[in-house]
Structures are given as C-alpha cells and as structure tokens.
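Here's the structure, in structure tokens; my notes come after.
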Amino acid sequence: MTHAERERQFLEVFEKNKASIRRLCYGYLNSASEVDDLFQEIMTNVWHSLPSFRGEARISTWVYRIAVNTALVYRKKWKHGEELPELADDRCGAHQSLEDAERLRMLHAAIATLPDQDRLIVTLLLEGLSYKEIAEVTGITVNYVGVKISRIKDVLEQLIGEATHGRV
Amino acid sequence: MVEFDELRQLWQKQAQPDSALAPDGRAMSEVLRRFHRRQTVINCLRASLLLFMAIFVPIRNHMGPTAVAGVALLFVGMTIYLVEDWRNQIGIARLDFAKPSAGFVESSLLRLRDMRYPFRRTFWVLIVSMVCGMNLITWSAEHHSTVFKTALMHSNATAFPFLAYWLGVKIRAKRFDLECGPILEKLLAMRQAMEEHTV
C-alpha cells in the first residue's frame, strides 16, 4: 500500500466514522475532556492497522473493533472511587427539547454505571449495530450478546426509571 | 417504561461539543507519518553508529585478528539487541486492535509477555556472542600477565554480559510493571470474563 493510498483510505474512514466513534468515546468515558485523547488513540490505531486490512470484514465492523479494543485498554485519567466528572449539558442540539436533553443526560449517567465491556456493547447497540455485528466486533457468541444486552437493558430501565420518578 | 428505540434515536442525534482539537483527518495523518519517520531515522542512526564503531575501533587501535574477531562478535550481539528492540517498539504500538475483542485480549497478553522478556528467544545467541567477543578482546590485550590476572580478566569478561543482562532485565521489569501493569490486569480480567462465551 503506498502512502497516498493509505492516506486516502484513512481520510475516507475518518470522515465516515468520526461522528459515531466520538459518540462511542463519550458513551465509554462520560468525560468530555478525555474524548479527544481516546479518539486520537483510536484513529492512530486505525492508521497503523490499515496496511493489514484485507477486506475480511466490513470496514465499519473493522473500525468498531479497533475503537472497542482501544477503549478497553485506554488508561483513564480519573481513578475508581472518584466522583464522575460533570456531564456536558450541551449534548443535545439547540433544536431538541429540554426533555430530550434530560433523557439523554439520564441515559449517559446510567451507562456510566455499567462495567467497561457492557458500556461498549450498549453504545454499539445505540449506534444501530445488530446483535450479530456486535458479536463480530467483540468476538463473543451472538447468544451471549443477547443475554448481555437483555441484562443491560434491565439495568438501564431501572436506573432511568428511578431517575425519572425522582424528578417527578 | 424506557423505549430503547427512542433512546437510540436520541443517542444518534446528539450533538458534540466543539473540541479544541477538532477532528482533522489530514493533520492527524501528517503527525503520524512524521512520528514514524522520526523513529525510523533514530533507529537508522543507532545502527549506523554501531557499524561505525565496529569498523573504526579496530582500525584506530591497530587491533590484531583476534581482537577484530572479538569486535565482530560484539557487533553481532549488539545487532541482535537493536533488532529485537526495534521489533519491540513496533510491537507495543501495534497490538492487533483490528481483531475481535476476545482474540485481541489473547494476542495482547502474548505480545505484552514478549515485551517483558524481549530476549527470550535470542538470549543464548546474544550472551554467547558477547562473552566470546569480550574474551577474545581480553585475550588479545594480554601482555605477560600472571595466571591469576589472566583468569581474573577473563572472569570479568565472562561475567560482565550476564551481569549487564540481569540488570537490564530488572530495570525493564520495573518499567514494564509501572507502564503496562494496569493494562495487563485489565486484559487478564477481560479474558476471564470472556472465556466461556467466545466464538
């Protein structure tokens, strides 16, 4: 692969996937200040991995794999037991309602309570990946993806429900 | 009741705050190419310096054939070290992130183990070449020494590479535990969690 081809492919992958990968970073880290770091690490790994991509998987699945694996070994700057950083309030666009903004904030807070791998799985699901695609990214069986998602949804439902009733 | 489809739509519509480092693909690819070029230049300089020393030292010191053979063996040992170190640099930066997570965890654990003990495979070649090289140079430098002094010099020439290796391993292990310990723990925990459910 020549430098020019590599750069062209990288830019294509970058532009197509940057929004979804940044959302995945937010979902995983729940800290606006570290999203840029993780995003850059992910894209660095995409760059290094491009020469070995042989089209054995869809490019989006391949990028998600890199993103998930990079996130899993990413060293967060805050430690366990520390208070989670305040979420940014401007996660919703100006055209969205306050209610939507609040629901999104509750969703992020609920996701933040999950273990690392579960946070990534639910973020992939929210990005629209099917159970089969999530299994291809993570290397776990489709059945187990289903079991995990079912448990994750129960937890999210409980937490968001509690947060909603707490505000009523 | 939480409707997951609604949450999915909400999630995908969320705006992202402006970032001080707005994602710019072109700038990023340029930085990555520059870094790679710099690493390659540094490693080439190290190799060139080694080659220069291997040629310059014998000529400058008018070394005899025995000493030159010793220098050549040291050169072989240092070359092995440089090559393994170069592969190591590439190795950690290039954990196979493109594998499914379960395979990634396994291959990363192996790669990290290689990093902790980088000269496992080449240990004896490295040590033997260094020991023989130093002993040949010592032998060529002896001039009417006593038996005791000769034995002492050769003992030092033999012990030094082992000592240097042992010290190097200790320092490397400390640095490794500091830098990679948390990642290693995380990977081991993930492997355990995934063990029964991988494809």
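The values are calculated or read from the model by the stated rules, or taken from the named source; none is laboratory data. Everything quoted here is computed from the prediction, not taken from an experiment. In this analysis, Cβ positions are derived from the backbone assuming ideal geometry, glycine residues included, and neighbour counts consider all displayed protein chains.
Restricting attention to segment A:37-60, the residues being surrounded by fewer than 18 Cβ atoms within 10 Å (Cβ to Cβ) and within 17 Å of the chain's Cα centre (by Cα) number 4. Do we have any residue at all in segment B:23-46 that's more than 8 Å from chain A (Cβ to nearest Cβ), surrounded by fewer than 12 Cβ atoms within 10 Å (Cβ to Cβ), farther than 30 Å from residue A:38 by Cβ and at pLDDT 75 or above? There is at least one residue in segment B:23-46 that is more than 8 Å from chain A (Cβ to nearest Cβ), surrounded by fewer than 12 Cβ atoms within 10 Å (Cβ to Cβ), farther than 30 Å from residue A:38 by Cβ and at pLDDT 75 or above. Applying a threshold of 6 Å to beta carbon distances and a minimum spacing of six or more residues, or different chains, the list of pairs starting in segment B:97-111 at a residue that is more than 20 Å from residue A:51 (Cα to Cα) and ending at one that is of a type outside the set (Phe, Trp, Tyr) reads B:102/A:139; B:102/B:194; B:102/B:198; B:105/B:187; B:105/B:190; B:105/B:191; B:109/B:187. Within segment A:112-168, restricting attention to residues that are without any contact (Cβ under 8 Å) to a residue 24 or more places away in the chain and in a loop (DSSP other than H, G, I, E, B), which residue is nearest to the chain's Cα centre (by Cα)? For segment A:112-168, the residue satisfying everything is A:128. The residue that is surrounded by the fewest Cβ atoms within 10 Å (Cβ to Cβ), counting only those in segment B:148-199 that are more than 14 Å from chain A (Cβ to nearest Cβ), touching a residue at least 12 places away in the same chain (Cβ under 8 Å) and under 30 Å from residue B:101 (Cβ atoms), is B:173. For segment A:119-161, the candidate set comprises residues that are surrounded by fewer than 17 Cβ atoms within 10 Å (Cβ to Cβ) and among the charged types (D, E, K, R); within that set, the residue that is farthest from the other protein chains (Cβ to nearest Cβ) is A:151.
Quick check on residue A:34: is it in contact (Cβ under 8 Å) with a residue 40 or more places away in the chain, within 19 Å of residue A:116 (Cβ to Cβ), under 15 Å from the mean Cα position of the chain (by Cα) and surrounded by fewer than 20 Cβ atoms within 10 Å (Cβ to Cβ)? Yes, satisfied. Within segment B:144-167, is even one residue within 14 Å of the chain's Cα centre (by Cα), of a type outside the set (S, T, N, Q) and assigned to a loop (DSSP other than H, G, I, E, B)? Within segment B:144-167 (the criterion being within 14 Å of the chain's Cα centre (by Cα), of a type outside the set (S, T, N, Q) and assigned to a loop (DSSP other than H, G, I, E, B)), the answer is no, since none of the residues qualifies.
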